[in-house]
Amino acid sequence: MASPSSSSSKHCKKNDSFNGCSNPTKKPRLSFISDSEIQSEFSHHDQTISRINNGSFGSCPQSVISSQQSFQLQFLRQPDHFYFNTLKSSILHSRSIIKSLVNARSVDEISLVDNATTAVSIVLQNCAWGFTEGRFNKGDVAVMLHYAYGAVKKSVQAYVTRAGGEVIEVQLPFPVTSKEEIVSEFRKALERGKENGKKKVRLAVIDHVTSMPSVVIPVKELVKICREEGVDQVFVDAAHGIGCVDVDVRDIGADFYTSNLHKWFFCPPSIAFLYCRQRGEEGNGGDLHHPVVSHEYGHGLAVESAWIGTRDYSAQLVVPAVLEFINRFEGGIDGIKERNHEKVVEMGEMLVKAWGTNLGSPPEMCGSMIMVGLPACLGISSESDSLKLRTHLRDHFQVEVPIYFRAPLDGEVDSVTGYARISHQVYNKVEDYYRFRDAVNQLISDGFTCASLSD
């Protein structure tokens with residue numbers, strides 16, 4: 001692996017704009033990475049565990065870890081030189097790569113932050129200021145999905161509700177059978193938000209891929225509806241976006257879009273990008289600031305985010321090394337994404353066939369994760385049961401997989417109340433999923449139920 005300063009494509013020449021450079025994400029390759037090389041890149045994983053949960057924390061190959069460690073040592077060796085001569089230009093280079101990957105118009109639209117939760121705080125902080133500064137009326141509305149990530153819900157409570165806003169949740173069905181179900185419920189929520197013209201929907205927060213349960217949301221259609229209904233701003237929370245689903249921010253059309261880079265893009269934790277559509281366009285980003293105020297305050301969000309005090313910035317600097325890694329695969333990140341999708345669907349269908357259950361969504365509504373129904377006889381009757389079963393699978397069968405509890409609807413009998421969210425990443429083998437299948441079959445054979453697990 002080349003050193004961090006030379007890995008991947010070279011920096012644009014000084015007299016070139018980062019917007020005008022040739023695409024830094026495309027490199028021709030004569031041969032591709034082998035299975036043994038993939039296993040070597042992830043040999044630091046615990047080989048005793050069937051890790052079918054890439055969605056929670058992601059994964060980072062050894063070559064990228066080495067690049068990160070090199071940056072860390074550069075800083076520790078001579079921090080002043082690193083700060084003045086390496087840090088800012090390297091962050092800018094990472095931003096330029098992300099700009100090309102997500103089809104932003106300008107590198108100025110891309111900021112690097114710690115994670116999607118930080119990006120959510122930046123956008124919601126701006127929304128809260130709208131209430132406190134009198135631009136919004138008390139009771140104006142923010143809309144978000146019922147299945148929004150827990151930290152996002154807490155952030156909405158901390159910023160929007162506390163500032164005087166009302167929050168309306170879009171109630172989504174699960175299992176889901178079509179995107180039309182989601183579109184219909186979203187329209188209903190916007191109608192409730194407007195309340196005969198008495199209130200204004202100031203912000204819509206839309207997941208691109210919900211976390212638990214995991215479903216790919218038709219974000220482009222929902223953004224279009226927001227525009228038609230006069231929603232002020234639209235923020236797409238895509239913690240599982242880049243590397244898991246197609247991401248074209250101009251085509252999606254939202255004002256803000258965030259995605260972690262440490263979940264499906266092979267960066268070390270933690271790094272995310274926040275796209276903010278340039279001002280002067282419909283639904284511009286407004287006066288956004290990083291919630292950690294430091295010396296760069298007032299110089300624009302991207303610059304503010306690039307320096308929030310002395311800390312380890314190495315995760316933000318290895319994007320070129322990640323690009324070099326993914327370009328070792330046929331088709332680059334798109335090829336990885338397509339193969340992960342195909343394989344996770346195949347494994348999901350294998351599991352539901354073995355257990356006589358069902359998937360949580362049609363294959364076209366999943367990315368690199370899919371929800372797999374667990375046998376009703378396991379007796380999953382609460383969120384506590386789902387967590388205890390997850391721990392039991394880890395401790396006794398060496399399977400790492402999250403479990404979702406779905407409360408039965410009125411009148412349902414012996415329905416599927418537990419769903420496993422399985423992921424597929426390049427390091428996974430079919431044996432990982434066979435072990436999960438066999439573990440559940442063993443539990444059934446033993447007459448196991450969640451009621452037998454202690455708290």
- Query: Which of the residues that make up the stretch 301-318 are in a loop (DSSP other than H, G, I, E, B) and touching an Asp or Glu at 6+ places or on another chain (Cβ under 7 Å)?
  - Reply: 307
- Message: I need a count of the residues in the stretch 196-208 that are touching a strand residue (DSSP E or B) at 6+ places or on another chain (Cβ under 8 Å) and without any contact (Cβ under 8 Å) to a residue 60 or more places away in the chain.
- Response: 1
- Query: How many residues are part of a loop (DSSP other than H, G, I, E, B) and touching a Cys at 6+ places or on another chain (Cβ under 8 Å) if we restrict to the stretch 33-75?
  - Reply: 2
- Item | Selected residue (criterion: surrounded by the fewest Cβ atoms within 10 Å (Cβ to Cβ)) from residues of the stretch 332-356 that are closer than 30 Å to residue 97 by Cβ and of a type in the set (A, V, I, L, M) | 345
- Query: Can you tell me which residue in the stretch 223-232 is nearest to residue 341 (Cα to Cα), limited to those that are of a type in the set (D, E, K, R) and touching a residue at least 24 places away in the same chain (Cβ under 8 Å)?
  - Reply: 224
- Restricting the search to the stretch 357-385, which residues are over 20 Å from residue 452 (Cα atoms), surrounded by fewer than 17 Cβ atoms within 10 Å (Cβ to Cβ) and touching a Gly at 6+ places or on another chain (Cβ under 9 Å)? 358, 363
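Residues checked against (1) within 30 Å of residue 171 (Cβ to Cβ); (2) outside the structural domain of residue 315 (by the TED database); (3) of a type in the set (Val, Ile, Thr); (4) open to solvent by 10 Å² or more (accessible area, probe 1.4 Å):
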{"residue": "91", "(1), (2), (3), (4)": "no, no, yes, no"}
{"residue": "98", "(1), (2), (3), (4)": "no, no, yes, no"}
{"residue": "125", "(1), (2), (3), (4)": "yes, no, no, yes"}
{"residue": "129", "(1), (2), (3), (4)": "yes, no, no, yes"}
{"residue": "134", "(1), (2), (3), (4)": "no, no, no, yes"}
{"residue": "146", "(1), (2), (3), (4)": "yes, no, no, yes"}
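Per-residue answers, yes or no, for (1) touching a residue at least 24 places away in the same chain (Cβ under 8 Å); (2) not aliphatic (A, V, I, L, M); (3) not assigned by the TED database to the domain that holds residue 125:
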site: 176; (1), (2), (3): yes, no, no
site: 181; (1), (2), (3): no, yes, no
site: 184; (1), (2), (3): no, yes, no
site: 210; (1), (2), (3): yes, yes, no
site: 221; (1), (2), (3): yes, yes, no
site: 241; (1), (2), (3): yes, yes, no
- Task: Inspect the stretch 78-93 for any residue being among the β-branched types (Val, Ile, Thr) and more than 30 Å from residue 436 (Cα to Cα) and give the result as yes or no.
- Result: yes
- Note on the structure: residue 392 passes all but one of the listed conditions (1) open to solvent by 40 Å² or more (accessible area, probe 1.4 Å); (2) in contact with a helix residue (DSSP H, G or I) (Cβ under 9 Å, 6 or more places away or on another chain); (3) not hydroxyl-bearing (Ser, Thr, Tyr); the exception is number (1)
- Unique residue being under 15 Å from residue 213 (Cα atoms) and either buried (at least 21 other Cβ atoms within 10 Å of the Cβ) or touching a residue at least 24 places away in the same chain (Cβ under 8 Å) (or both) when the list is 439, 420, 451, 407: 420
- Output the number of the condition that residue 318 fails; it satisfies all remaining conditions of (1) within 22 Å of the chain's Cα centre (by Cα); (2) open to solvent by 20 Å² or more (accessible area, probe 1.4 Å). (2)
- The lone exception for residue 248 - which of (1) acidic (Asp, Glu); (2) farther than 18 Å from residue 149 by Cα; (3) within 14 Å of the chain's Cα centre (by Cα) it fails: (3)
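Just to verify a result, which residue in the stretch 321-331, among those that are open to solvent by less than 10 Å² (accessible area, probe 1.4 Å) and within 18 Å of residue 99 (Cβ to Cβ), is farthest from the chain's Cα centre (by Cα)?
321
The values are calculated or read from the model by the stated rules, or taken from the named source; none is laboratory data. Given the structure is predicted, the values throughout are model-derived calculations rather than measurements. All Cβ positions, glycine included, derive from the backbone under ideal geometry; neighbour counts span all protein chains shown. Areas reflect the complete protein model, heavy atoms only, side chains present, ligands, DNA and RNA absent. Shrake-Rupley method; radii C 1.70, N 1.55, O 1.52, S 1.80 Å.
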